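Below is one structure, written out as structure tokens; comments come after it.
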Amino acid sequence: MRPSKLESRLGLGTTLVVAAFLIGPVVMSVLAGLTRNGFVGLSSGLTLRWVAQVWELYADTVWRSLAVAVTTLAVCLVVGVPAAWALSAHRGRLAGAFEALLTLPVAVPGLATALALIVSWGTYGGLRGSVAFIVIGHVLFTLPFMVRAARASMTLAGLAVLDEAAATLGATRAQRFFHIVVPNAMPGILTGALTVLTLSVGEFNLTWLLHTPLTKTLPVGLADSYASMRLEVGSAYTLVFLLMIMPLLLGLQWFAGRAASADGAAARRHAPRLFAASTTKEAS
């Protein structure tokens, strides 16, 4: 049943209102970073002075945040995808307990997690003053999102059956994982990767307690600019943040969409052959 014109207009209006409510403050902040006087507004004239000042003072935080996010993503991929497959293939109380333990850092406030890391590993060598310490915190916080997204995709695709069929044909565990599990679970893996990247770049609470003056990241620098600089500088920092992260996120979303379409088509092509071969072998 098609919606009426009134329902369509009402839905469109609601969408526009919500979009304006969410995007409006960001647009106002960006404009404040491009005006000579943020309190006067656009009538004071436009300038790139504040953007240049932000880049001069905080450029290192931008590159450091990207490095932390990419490293966090790599660790989550290496650890999270096999963990998701293990939870999908082996169901039971032990798997449920492990998954609950894995999601614990999400329920605990970031400051509490950071404090626990400092108490546990803060005195271990030079770890406390290194970027690796922040990466460890980000992995603890974002790993559950990677595991949940990948596991949901694996369960939806019915990979346990495909894996069992491939095993009967003589495929090794590594072959089954890299040629069946990973390709068919790619939509969930890419969704998890997008979530991990976004959360890592924007994470503040945990990072604020783990960072040092030499390991300051972009969100911490943003808070510092709002606290100690002019309003225009903090607003310009928001603009720099958007210019750095939006192309990366849009590119990853585009790649995820393309990969999901390609993997779905490939799965539909190869799954019948795999089941037919398995059935033939069992019958013989």
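Data for the structure
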{"quantity": "Cβ-Cβ FRET estimate between ALA19 and PHE255, R0 fixed at 30 Å, reported to 0.05", "calculated": "0.75"}
{"quantity": "Spin-label proximity, HIS90 to the stretch 140-156 - amide N less than 19 Å from point 7 Å beyond Cα toward beta carbon", "calculated": "144, 147-148, 150-152, 154-155"}
{"quantity": "Nitroxide proxy distance, nm - points 7 Å out along Cα→Cβ at ALA59 and THR212", "calculated": "2.4"}
{"quantity": "Share of carbon and sulfur in the accessible heavy-atom surface of the chain [1.4 Å probe, %]", "calculated": "70"}
{"quantity": "Neighbour-limited loop hits for chymotrypsin sites (Phe, Trp or Tyr not before Pro), the stretch 102-179 (at most 15 other Cβ within 10 Å; DSSP other than H, G, I, E, B)", "calculated": "TYR124"}
{"quantity": "Gain on full stretching of the segment that runs from THR103 to SER228 - 0.36 nm per residue minus C-alpha separation", "calculated": "41.4 nm"}
{"quantity": "Theoretical FRET efficiency, 1/(1+(r/R0)^6), r = Cβ-Cβ of PHE178 and VAL70, R0 22 Å, to 0.05", "calculated": "0.50"}
{"quantity": "Estimated vicinal HN-Hα couplings, Hz - the stretch 184-196 in sequence order (Karplus 6.51, -1.76, 1.60; Gly, Pro = x)", "calculated": "6, 9, 4, x, x, 5, 5, 4, x, 5, 4, 5, 4"}
{"quantity": "Calculated from backbone phi, Karplus (6.51, -1.76, 1.60) coupling profile of the stretch 121-129 in Hz, x at Gly/Pro", "calculated": "10, x, 9, 8, x, x, 5, 4, x"}
{"quantity": "Probe 1.4 Å, accessible area per residue of the chain, Å²", "calculated": "57"}
{"quantity": "Cut-off under 5 Å, modelled amide H: who pairs with THR35 long-range", "calculated": "THR47"}
{"quantity": "Listed residues GLY170, GLY129, GLY158, most fluctuating in the chain (Gaussian network, C-alpha, under 10 Å)", "calculated": "GLY170"}
{"quantity": "Euclidean distance between Cα centres, the stretch 64-119 to the stretch 167-213, Å", "calculated": "10"}
{"quantity": "Calculated from backbone phi, Karplus (6.51, -1.76, 1.60) coupling profile of the stretch 12-22 in Hz, x at Gly/Pro", "calculated": "5, x, 4, 4, 5, 5, 5, 4, 5, 5, 7"}
{"quantity": "Inter-site label distance for ARG49 and ALA171 at 7 Å from Cα along Cβ, in nm", "calculated": "6.3"}
{"quantity": "Restricting the stretch 48-102 to trypsin sites (Lys or Arg not before Pro) in coil, as DSSP defines it, with at most 15 other Cβ within 10 Å", "calculated": "ARG91"}
{"quantity": "Top of VAL26, VAL181, VAL220 by mean-square fluctuation, Gaussian network on the chain, Cα under 10 Å", "calculated": "VAL26"}
{"quantity": "Interchain or long-range residues, amide H under 5 Å from PHE204's placed H", "calculated": "none"}
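The values are calculated or read from the model by the stated rules, or taken from the named source; none is laboratory data. Being a predicted model, the structure only gives us computed values, none of them experimental. Cβ: placed from backbone, ideal geometry, glycine included. Neighbour counts: every protein chain shown. Ligands, DNA and RNA are stripped out before the accessible areas are found, and what is left, the full protein with its side chains, is counted by its heavy atoms. Shrake-Rupley method; radii C 1.70, N 1.55, O 1.52, S 1.80 Å.
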